[in-house]
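The values are calculated or read from the model by the stated rules, or taken from the named source; none is laboratory data. All of these numbers come straight from a predicted model, not from anything done at the bench. So basically every Cβ, Gly included, is an ideal-geometry build from the backbone, and we count neighbours across all protein chains shown. In case anyone asks, the SASA skips ligands and DNA or RNA and just uses the protein heavy atoms, side chains included. Shrake-Rupley method; radii C 1.70, N 1.55, O 1.52, S 1.80 Å.
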Amino acid sequence: EVIPGYAGHQTERSRNLPDANGSGYKTEMMYSSYRPRDWDYLGYQYSFISSIAVGGWNNVVNMIPGRDLEEAKSFSPKDRAWIRDWLKWTVEKKEYLRHTRTILDQPAVGHVDGTAAIIGDRGYLFLFNPNYKQMPAELSLDGTIGLTAGERFLLREVYPQKGRLLGKPNSGVWSRGDIVRLQLDGTSATVLELIPEKQREAPTVFNAMPLHSDAPPNVILKERTLSIAHVAGEPGTVQKIGVLLPNNSRIVEVTVNGSGQKFTQSGRYV
């Protein structure tokens, strides 16, 4: 199914009231304020991502602040660029979006929902948690999401933490048929890119957020020491960082941002 994706909302101009005999409803227009300044600033990114996940190219952007000069002045250049970049993204990824299918549960309280846009062995996953608490999400890397080719894959985050690789526990690389289990934060939208795994000559770091936007996580293997730098995490959370080695080097020391850390190693995965 291809249906319009509505980003934002249109403020209601009418309301339904019971009629005199109580057998139905009548519509009453409300004239208190034709254009209230009620742009949903806290929720507009979730709304916009969900409109792309469902509507693909058919995006309707509602209630943009440009209708009100004073409100438009308060809408930052960063936010404007964010919207333009995602509209440009839909053009660049149009062939994937033409293969959109729904996955997970129907949108509802107590559930997570999402769509997949896959061609062959690569594509995109959109996951949404509309609840006000963290919720689990499970999906299989197989035909249920539209995967028809390939055997080994990487999962790369597009939004909100652009570029972060989500690793399979104790392996890093995902295989066809694997079940991906994620914990989605409350009221969060997540976009993942599924790509075929290629043999790499350098170590690959998983599950690490960048310390700064201009300094992505990096890892250096020198003899038997593994040095991971420029990595960060959300304050108050615990995250296991993984590194996939290009060979079966036996590691004896690991540092993260200059501090020594305990570690385990399973084959090429530290």
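How big is the shadow of the Cα convex hull of the range 145-192, averaged over all directions, in nm²?
Values: hull surface 15.6 nm².
Its Cα hull, projected and averaged over all orientations, spans 3.9 nm².
Taking Rh as the Kirkwood radius computed over C-alpha pairs, what is the Stokes-Einstein D of the range 162-222 at 20 °C in a medium of viscosity 1.002 mPa s, expressed in µm² per second? Numbers along the way, then the final one.
On the way: Rh = 13.8 Å.
My calculation gives 155 µm²/s for D.
Can you give the FRET efficiency for D68 and R181, using 1/(1 + (r/R0)^6), R0 = 51 Å, r = Cβ-Cβ distance, to the nearest 0.05? Spell out each step's value before the answer.
Details: r = 44 Å, r/R0 = 0.86.
Calculated value: 0.70.
Would you mind getting me the FRET efficiency between T264 and S140? Use the beta-carbon distance for r and R0 = 25 Å, nearest 0.05. Could the numbers behind the result be given before it?
Working: r = 27 Å, r/R0 = 1.08.
Here the calculated transfer efficiency is 0.40.
Using only DSSP helix segments of four residues or longer, with each worth -39500 (n - 2.57), what per-residue ellipticity at 222 nm results for the chain after dividing by its residue count and rounding to 500?
Numbers: 4 runs with 37 residues, N = 270.
That comes out to -4000 deg cm²/dmol.
If you average the sequence gap of Cα pairs under 8 Å that are 6 or more apart and divide by the length of the chain, what percent do you get for the contact order?
Normalised by residue count, the contact order of the chain is 12 percent.
Using a 1.4 Å probe on the protein chains only, how many percent of the accessible area of the chain belongs to carbon and sulfur? Don't skip to the end; give the middle numbers.
Working: 8280 of 16340 Å².
Here carbon and sulfur together make up 51 percent of the probe-accessible area.
On the principal axes of its Cα set, how long, how wide and how thick is the range 71-189? Give whole Å, largest value first.
49, 33, 28 Å, listed from the longest principal axis down.
Straight-line reach only, C-alpha to C-alpha below 22 angstrom: list the lysines that K88 could link to, leaving out same-chain residues fewer than 8 apart.
Those lysines meeting the cut-off are K78, K162.
Subtracting the Cα-Cα distance from 0.36 nm times the residue separation, let me have the gained length for E253 to K26 in nm, one decimal. Walk me through the numbers before you get to the answer.
Details: separation 227, 0.36 × 227 = 81.72 nm, distance 7.30 nm.
74.4 nm is the gain from fully extending E253 to K26.
Identify which of L141, L125, L182 has the largest mean-square fluctuation in a Gaussian network model of the chain, with springs joining Cα atoms closer than 10 Å.
L182
How big is the shadow of the Cα convex hull of the range 39-114, averaged over all directions, in nm²?
Values: hull surface 23.5 nm².
Convex hull of Cα atoms, orientation-averaged projection: 5.9 nm².
Say R0 is 45 Å: what FRET efficiency, to the nearest 0.05, do N16 and L87 get from their beta-carbon distance?
Values: r = 34 Å, r/R0 = 0.76.
For R0 = 45 Å, the calculated efficiency reads 0.85.
Dividing the convex hull volume of the alpha carbon atoms of the chain by its residue count, what do you get in Å³ per residue? Please report the intermediate quantities before stating the final value.
Values: hull volume 46.2 nm³, N = 270.
Spelled out: Cα convex hull of the chain, divided by residues, is 171 Å³.
Out of Q239, Q199, Q161, any idea which swings most in a Gaussian network model of the chain, alpha carbons joined below 10 Å?
For the chain, modelled as a Gaussian network with Cα springs under 10 Å, the answer is Q199.
Give, to the nearest whole percent, the P(r) tail of the range 98-138 beyond 15 angstrom, counting all Cα pairs.
Working: 341 of 820 pairs.
Tail of the P(r) past 15 Å holds 42 percent of the pairs.
So for the pair E151, S76, with labels modelled 7 Å out along Cα→Cβ, what separation do we get in nm?
Each label point lies 7 Å from its Cα, and together they span 4.7 nm.
Classify the range 121-270 as rounded, prolate or oblate, taking a ≥ b ≥ c as the square roots of the eigenvalues of its Cα gyration tensor: rounded when a/c is under 1.5, otherwise prolate if a/b is larger than b/c and oblate if not.
Working: a/c = 2.03, a/b = 1.31, b/c = 1.54.
Taking the square roots of the gyration eigenvalues as a ≥ b ≥ c, the range 121-270 is oblate.
Quick check on the range 192-266: what are the equivalent-ellipsoid semi-axes from the Cα gyration tensor, as sqrt(5λ), descending, whole Å? Mind dumping the intermediate values first?
Details: eigenvalues 75, 61, 28 Å².
With the √(5λ) rule applied to the range 192-266, the semi-axes are 19, 17, 12 Å.
On average, how much accessible surface per residue is there in the chain, in Å², for a 1.4 Å probe, leaving out ligands, DNA and RNA? Show your work: numbers first, answer last.
Working: 16340 Å² over 270 residues.
Accessible area per residue: 61 Å².
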